[in-house]
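*Asks:* Pasting in a structure now, in structure tokens, and then I'll have a few things to ask.
Only the coordinates and a few stated rules stand behind these numbers; no lab work does. Keep in mind that this is a model prediction, so the values were computed, not measured. Cβ: placed from backbone, ideal geometry, glycine included. Neighbour counts: every protein chain shown.
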Amino acid sequence: MERRRAFLMHRDGREDEAEKKQREVLATERAALGPRDQRTVGSMSQLAGILVERGHYADAANLNRETLDLRLELLTSTVSKR
């Protein structure tokens, strides 16, 4: 629900509010689901998109790199279990 709210804020151009809400969502998901859960990684990606829109390119790039590393790790562990 809160993730959706952050997305809608972002879509409506309310970038300051969207970033704040998305950071809250990410913190909650990291605590509740762990840093390697697909939903947490998705929230990281969504926050990176918001950061790009706000012109925070270095922060967005760092977060995108972290997101990519986690996705590769998750994919590799899923494939190796088969």
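*Asks:* For residue 75 and residue 27, what is the calculated FRET efficiency with R₀ set at 35 Å and r taken between the beta-carbons, to the nearest 0.05? Don't skip to the end; give the middle numbers.
*Replies:* On the way: r = 25 Å, r/R0 = 0.70.
It comes out at approximately 0.90.
*Asks:* Most mobile of 48, 60, 32 per a Gaussian network model of the chain (Cα springs, under 10 Å)?
*Replies:* Most flexible of the set in this elastic network: 32.
*Asks:* Could I ask something else about it? Give the relative contact order (percent, whole number) for the chain; include only Cα pairs under 8 Å separated by 6+ residues.
*Replies:* On the way: 68 pairs, mean separation 18.7, N = 82.
Answer for the chain is 23 percent.
*Asks:* In whole Å, how far is the Cα centre of segment 6-49 from that of segment 51-75?
*Replies:* Centre-to-centre (Cα) distance: 12 Å.
*Asks:* Two decimals is fine: what is log10 I(q)/I(0) at q = 0.21 Å⁻¹ for segment 2-80, from a Debye sum with one equal scatterer on every Cα and no solvent?
*Replies:* -0.90
*Asks:* Filter the chain for me: DSSP H helices, axial length by Cα at least 27 angstrom, mean Kyte-Doolittle hydropathy not below -0.5. List them by residue number. Each step should come with its number before you reach the end.
*Replies:* Working: long enough: 57-80 (34 Å, -0.11).
The answer, listed by residue number, is 57-80.
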